[in-house]
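Q: Just dropping this structure here.
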Amino acid sequence: MNRKLAIIGAGNMGGALYKRLARAMPKEHIALCDTDAKKLARLSATVSFTNAEDAARFGKCIILAVKPQAFHALAKDLFGSLEKKLVISIMAGISLASLSKTLGAKKIIRAMPNLAIQEGAGVIGWIASSFVTKEENALARKLFSPLGHEIEVKKEEMIDSITALSGSGPAYFFYLVNLLETKARAMGFSESSARIISEHTLIGSAKLLESGKKSAEEWREAVTSKGGTTSAALSHLKEHGFDMLFYEAIDTAKKRAKELQK
Ligand SMILES: NC(=O)c1ccc[n+]([C@@H]2O[C@H](COP(=O)([O-])OP(=O)(O)OC[C@H]3O[C@@H](n4cnc5c(N)ncnc54)[C@H](OP(=O)(O)O)[C@@H]3O)[C@@H](O)[C@H]2O)c1
């Protein structure tokens, strides 16, 4: 990747982006910017700025990774300077129209990654404004590839869906792991055993899935013998409306994503 890149915001997400992208392209081509110089030092950024305007001058492509609450102040500093740049926003709840108006920019990609980008195993849903060229779309795909799997959506509303599905998704699995751990403790296992039981059940299942030999549905069938223990547990979940409750939870997350945009 030859195009110079600037990441503004070196927190959880910006830091993770920097670490993964710095492996995929020359470090001299990526600038990291944060108002807190200590964060830049911790990430050993080769090119770094504490001023967003300097970072925006450096990059041809600018990734915005600040909290939505910090966006308006940042946009004031950057207004008008991004007209010819490709801007990629990973901020939750800020629409393409609002990004464009507030930044005075045209070429905008709105992306929704999840935290697993830290491990290069994220899911990133994204949409480009009509001013983004084919080449810039291809560049975005290239940038996203070291972070995990990218999915381009054609309607902006689908970004809210991605937010509720894969954006919040890791928390759903962690929640289940936590329930399993709590139950293991209640069944008499020590704290360390309960953690092994819960965490490695998820990790082991993920590895089976990752092997690509079967789909989730097929693996579930493979471990569910008729009339057996797993079947009894899953029937209990179904009979008590777990599926519907889970779908409703995702709809609730999507609704919240919409509300946050207002
Ligand atoms: N965390 C997730 O799982 C997740 C998933 C998808 C999308 N996102 C989005 O990712 C974005 C970043 O989230 P995060 O959890 O990484 O936030 P974070 O840890 O708070 O990082 C944001 C960083 O940007 C800095 N900053 C604020 N204003 C700045 C400015 N004008 N110039 C330079 N740096 C500035 C902040 O400094 P201060 O702390 O000093 O203000 C902070 O270090 C959010 O918009 C969020 O919606 C997060």
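Read-outs throughout are calculated quantities, based only on the coordinates presented, and are distinct from any laboratory measurement. Just so we're clear, the structure is a prediction, and the values are computed from it rather than from any experiment. No Cβ is skipped: glycine too gets one built from the backbone with ideal geometry, and neighbour counts run over all protein chains shown.
Q: Once the piece of chain linking Leu208 and Thr133 is laid out straight, how much longer is it, given 0.36 nm per residue of separation minus the C-alpha distance between them?
A: 23.1 nm
Q: Further question: Distance between Cα centroids, segment 200-217 to segment 220-259: provide it in whole Å.
A: Taking the Cα centre of segment 220-259 as reference, the centre of segment 200-217 is 18 Å away.
Q: What are the radius of gyration and Dmax of segment 83-123, computed over its Cα atoms and given in Å?
A: Rg and Dmax of segment 83-123, Cα atoms, are 11.9, 34 Å.
Q: For the cross-link pairs Lys67/Lys214; Lys67/Lys255; Lys134/Lys213; Lys155/Lys255, which exceed 28 Å when the distance is taken from alpha carbon to alpha carbon?
A: Distance filter (> 28 Å) returns Lys67/Lys214; Lys134/Lys213.
Q: With the calculation restricted to Cα positions, what are the radius of gyration and Dmax of segment 165-206 in angstrom?
A: Radius of gyration, then largest Cα-Cα span, for segment 165-206: 10.9, 34 Å.
Q: Let me ask something additional. Using every pair of alpha-carbon atoms in the chain, split the distances into 5 Å bins beginning at 0 and state the percent of pairs per bin, rounded to integers.
A: Pairs per bin, as whole percents: 1, 6, 11, 15, 16, 14, 11, 9, 7, 6, 3, 1, 0, 0.
Q: Excluding residues on the same chain fewer than 8 positions from Lys258, give the aspartates and glutamates whose Cα lies under 20 Å from its Cα.
A: Correct list for Lys258: Glu152, Glu156, Glu157, Asp160, Glu248.
Q: Right, something else. As an exercise, find the ratio Rg/Rh for segment 107-262 from alpha-carbon atoms, using the Kirkwood inverse-distance average for Rh.
A: Details: Rg = 19.0 Å, Rh = 18.2 Å.
When Rh is taken as the Kirkwood radius, the ratio is 1.04.
Q: Over the chain, calculate the relative contact order: mean separation of alpha carbon pairs under 8 Å at least 6 apart, over the residue count, as a percent. Don't skip to the end; give the middle numbers.
A: On the way: 393 pairs, mean separation 34.9, N = 262.
So the answer I get is 13 percent.
Q: Could you please report the charge total around Ala45, scoring K, R as +1 and D, E as -1 over all other residues with beta-carbon less than 15 angstrom from its beta-carbon?
A: +4
Q: Sort the following peptides by mean Cβ neighbour count (other Cβ atoms within 10 Å, averaged over residues), highest first: 3-11, 94-102.
A: 3-11, 94-102
Q: Write down, largest first, the equivalent ellipsoid semi-axes of segment 169-260 in whole Å, where each equals the square root of 5 times an eigenvalue of the alpha-carbon gyration tensor.
A: Sorted largest first and rounded, they come to 24, 19, 16 Å.
Q: If amide hydrogens are placed 1.01 Å from N in the peptide plane, which non-local residues have theirs closer than 5 Å to the one on Gly122?
A: HN-HN under 5 Å from Gly122: Ile117, Gly148, His149.
Q: Between His149 and Asp243, what FRET efficiency follows from the Cβ-Cβ distance if R0 is 30 Å, with the result rounded to 0.05?
A: Efficiency, from the Cβ-Cβ distance: 0.75.
Q: List the residues whose amide H sits under 5 Å from the amide H of Ile7, counting only those 5 or more places along or on another chain, with H placed 1.01 Å from N in the peptide plane.
A: Long-range HN contacts for Ile7: Ala31, Leu32, Cys33, Ile63.
Q: Evaluate E = 1/(1 + (r/R0)^6) for Asp36 and Ser81, where r is the Cβ-Cβ distance and R0 equals 25 Å; express this FRET efficiency to the nearest 0.05.
A: 0.70
Q: Can you pull the Kirkwood radius for segment 5-155, inverse mean 1/r over Cα pairs, to one decimal in Å?
A: On the way: mean 1/r = 0.0666 Å⁻¹.
15.0 Å is the Kirkwood radius here.
Q: What whole number of Å gives the distance from the Cα centroid of segment 168-187 to the Cα centroid of segment 36-108?
A: 36 Å
Q: Let me ask another. For segment 6-62, what is Rg from Cα atoms divided by 2.2 N^0.38 Å, rounded to two decimals?
A: 0.95
Q: Now for a different question. Ignoring everything except DSSP H segments at least 4 long, calculate the 222 nm mean residue ellipticity for the chain; use -39,500 (n - 2.57) per segment, divide by total residues, nearest 500.
A: Here the helix-only value at 222 nm equals -16000 deg cm²/dmol.
Q: Now for a different question. Between Lys142 and Thr50, what is 0.36 nm times their sequence separation minus the Cα-Cα distance? Round to one decimal in nm.
A: 30.5 nm
Q: If you count the DSSP beta bridges with both ends in the chain, what percent of them are antiparallel, to the nearest 5?
A: 15 percent
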